[in-house]
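Contents: one structure, followed by commentary.
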Amino acid sequence: MKSSIRGFYELPHGKRLQFLKKFAKLSNEEVRLLGHNSALGIRTAEMISENVVGTTQLPIGIATNFLVNGKDYLVPMAIEEPSVVAAASHAAKLARHAGGFTASSDEPVMIGQVQLVRVPDAQAAAKLVAEKRGEIMDIANRQDSVMVRLGGGIRDIGARVLKTKRGDMMVVQLLVDVRDAMGANAVNTMCEAVSPYLEELTGGTVRLRIISNLATRRLARARAVWSKDILGADVIDGILDAYAFAEADQYRCTTHNKGIMNGIDAVAIATGNDFRALEAGAHSYASIGGYHSLTNYETNDKGDLIGSIELPIASGIIGGTIRTHPIAKLSLKILGVQTAQELAQVMATVGLAQNFAALRALASEGIQKGHMSLHAKNIAVLAGASGKQIEKIAKRMASEKNVSVSRAKELLGKRR
């Protein structure tokens, strides 16, 4: 059978499954698993995606202990790594001794870009765009009257001339306040709407009209103090050394920043946000001026550890998947955030907590001790344990500090 299928998207869900069964030689049980109705539901899934045959689920864990700007949060995190949820919760617990986290975020301004090529006089055209700024803004704002009524809409316009291997190009940038949305659809619509006028104005040809995921106008920040009395001077020294390593070495820094995104992505997935856009924006932001850590660590006069984070977070609480995915709506209800800016602040806080927890583990007992202990149940299942055996073998391996498939098999053999 060939994968070239005409009209696959038009087939009912059941017929798609039957085709897949033949193509991949699936068993009846495997087909049943694909068609299993999750909380999302097949009909809703078909509204969200294309060529749907099933849904996949991630565990949603709740990170506890978060106190941000004086408000308590329980944070839903969709992730398959138990150590991420546990570590974030513990970091937040330790931060509470000094008042928890403080966080802030910029206005939700996204950047839209319109690319123009073959502009006869790019420098003159850039000046003309500045002169006609008001007319361009009017065209853009007419595309989303609801957003404008809620206080959003286009805030400014700028033009740049780029030197490229294809010759000079002109980029017109729209700065759009998207309020409580992530904003991609609104910004892209505005970019497309102003394009004909920009062609007329500049004499050039419009190519790309799209949002940028490097949301430098939409930064979120968080800060916390971890007491020296709680951590101990040796642990703080170890964290500072680990941070210095990340700052000095890009190989280490990449994993350092990945750990930050472990927490942020998990919250994004739980709340129906675009974690891929967040990842792209975060790592691009970290590359400005040379790849660097998204967090910063130092000590105060008392020797306490101060951690902070800054990165672009383009999150939303309305629109897109958030509107249709029942678990995303439920996760936002659990969080209790009222605006996209508040959600961005919580995400930044979780990223900082996750990074602190990872550095603390690396600088003390090592990352694998806690990580593997929390994975003990998975390891027991891999070894063939079932039912009550799973819990017993997992506890035994954790107490022995020997979590491995080989040890689980030994214990399973003795029990049998």
| query | How many percent of DSSP beta bridges within the chain run antiparallel, rounded to 5? | reply | 95 percent
| query | What is the distance in Å between the Cα centres of the range 131-195 and the range 1-72? | reply | 35 Å
| Once a ≥ b ≥ c are taken as the square roots of the eigenvalues of the Cα gyration tensor of the range 180-245, is the result rounded (a/c under 1.5), prolate (a/b larger than b/c) or oblate (a/b not larger than b/c)? | prolate
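So for the range 254-347, considering every pair of alpha-carbon atoms, how many percent are separated by more than 22 Å?
Of all Cα-Cα pairs in the range 254-347, 36 percent lie more than 22 Å apart.
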| task | With only Lys, Arg, Asp and Glu charged, each at its Cβ (+1 for the first two, -1 for the last two), find how big the charge dipole of the range 109-212 is about the Cα centre; round to the nearest 20 debye. | result | 340 debye
| said: So if the hydrodynamic radius of the chain is defined as the Kirkwood radius over C-alpha pairs, what does Stokes-Einstein give as its diffusion coefficient at 25 °C and 0.890 mPa s, in µm² per second? | reply: 101 µm²/s
| task | Take the Cα coordinates of the range 109-212, assign each an equal point scatterer, and use the Debye formula without solvent to give log10 I(q)/I(0) at q = 0.16 Å⁻¹. | result | -0.61
| field | Anchor Lys163: lysines whose Cα lies under 18 Å away (excluding residues fewer than 8 positions away in-chain) | value | Lys127
| Which aspartates and glutamates have a Cα lying under 19 Å from the Cα of Lys22, excluding residues fewer than 8 positions away in the same chain? | Glu10, Glu30
| task | Decide, for the range 375-415, between rounded, prolate and oblate: order the square roots of the alpha carbon gyration tensor eigenvalues as a ≥ b ≥ c, take rounded if a/c falls under 1.5, and otherwise choose prolate if a/b is larger than b/c, else oblate. | result | rounded
| query | So, counting K/R as plus one and D/E as minus one, what does the shell of residues with Cβ under 10 Å around Met169 add up to? | reply | +4
| Whether the range 8-48 is rounded, prolate or oblate, judged on the alpha carbon gyration tensor where a/c under 1.5 counts as rounded | oblate
| task | Under a 10 Å cutoff between Cα atoms, tell me which one of Asn37, Asn188, Asn213 has the largest fluctuation in the Gaussian network model of the chain. | result | Asn37
| said: Exceeding 32 Å between C-alpha atoms, which entries from my cross-link table qualify? They are Lys25/Lys392; Lys71/Lys302; Lys93/Lys395. | reply: Lys25/Lys392
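Every number here is computed from the coordinates shown, using simple stated rules; none is lab data. All values reported here derive from a predicted model rather than from experimental measurement. All Cβ positions, glycine included, derive from the backbone under ideal geometry; neighbour counts span all protein chains shown.
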